[in-house]
Amino acid sequence: MLNKDLSTKLAKGLLVAGCVVTLAACGGGFGQDYDSPFEEPTPTPEPTPGPEPTPVPAPVDNNILPNSEFEEGDGDEFTGWTKLNAPEALTAVMTDTCSGRGLQAVANGTDYYHVQIETPAFATVDKQQYTASMWIKGDVDGGVVRISTSDGALYGGDNTVGTDWQQVVLNFTGAGGDLKLRLDLGKSVASYIVDDVKVVPGDTPDPATCPHGSDNGNGGGDGGSMNNLATNGDLEASDTDITPWAVVGDGNATATLDTSVTHGGNNSLLVANRTANWNGASYDLLSVVESNTTYNVTAQVRLASDTPDEVKISSKLVLNADEAGAAYGGVDGASATVADSDWTELSGTFITGDMSEATTFYIYFEGATASSSYYIDDLVVTKSE
């Protein structure tokens, strides 16, 4: 018999030897070179970086005409511009413009120069080519307009205007020194809206489109072009009906169309016979506003009497036809002291609240003095971005 210790040693030796033999049979051992039956994975090549994208340059504004978009000026005046003929027919308008403020011209159909406005002066370089352009639309098809130079050296051709926005262009050569252009708008019986009058070097007109911007569209400040929710905010939809305008009052207050004092177009709304400060004109917005949404509102207001008064815009929401549960709110920022000498713009924001069960929602105009009368024109309501 083998000694117990010797047996243990022999067993361990055989085990080690077996391991050595097994490793050798497999082709090698730890620390040895051997042919593996497995292939090393092929390394994935690093991706070749592509070219850096070429940045798209921002549009360059080459316009050299001051106040070319009519944004500067008070009331119906436009800073730097000169009304040469029929000044009463040339007024500021906030609705249905390219953006912000625009020019409205009501032509009587006699001759070009009978309704005419002159641009601010701009510097020219001798023998440099320039392109003047204006965006214009009419209330009827077939109106004829033109652009000319103030020195009489060049009269643009006849440009027929329709009811959609279009760009009228005049190419001319500078003679050095300052120059002014004239918009000749009196040839046809039509009402025009003009905006974005630009002068740029070269033979290509300014590339901007109309309408444009976030305040724009239909007036004041949608509009993006703005989309004016007050479809009869300018009171031009009818010569007799003010719908969806109405009057909030105690039975005496009235709201009627007036043609004697207007901010733009042919009509304004005269609010009179008020016996309480909350009496005033209202505009129904129930069908066009959404729940818990912020809206911008602007309107032009002018007092009918010679005593200044504070006028503000408020809102009213009624749920389930329950007048007792009506919610009233002021339009933030839309309050100003108004005089009879000029139009004043009221501008602010309001939030609708929950409209899911609303039966009434409108905005209305209040005067601090119960007996005051005032005109309203060019109401613009847009959804806030």
* Label zone at Thr110, where the point sits 7 Å out along the Cα-to-Cβ direction: segment 176-201 residues whose backbone N lies under 18 Å -> 183-192
* **Accessible surface, segment 237-385, averaged per residue in Å² (probe 1.4 Å)** => 43
* Quote the charge dipole size of segment 130-203 about the Cα centre in Debye, to the nearest 20; the model charges only the Cβ of Lys and Arg (+1) and of Asp and Glu (-1). => 140
* Asked: So, in nm, how far is label Val189 from label Thr209 when the simple model puts each one 7 Å beyond its Cα toward the Cβ?
  -> 3.5
* Going by accessible area, probe 1.4 Å, with all protein chains left in place, what is the ranking of Ser335, Ser191, largest first? -> Ser335, Ser191
* To do: Could you tell me what fraction of 2.2 N^0.38 Å the Cα radius of gyration of segment 277-385 comes to, as a two-decimal ratio?
  => 1.08
* Tensor-based shape of segment 328-385 (alpha-carbon gyration tensor, a/c under 1.5 rounded, otherwise prolate or oblate) -> prolate
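The values are calculated or read from the model by the stated rules, or taken from the named source; none is laboratory data. All values derive from a computational prediction rather than experimental measurement. No Cβ is skipped: glycine too gets one built from the backbone with ideal geometry, and neighbour counts run over all protein chains shown. Just the protein is used for accessible areas: all its heavy atoms, side chains included, with ligands, DNA and RNA removed. Shrake-Rupley method; radii C 1.70, N 1.55, O 1.52, S 1.80 Å.
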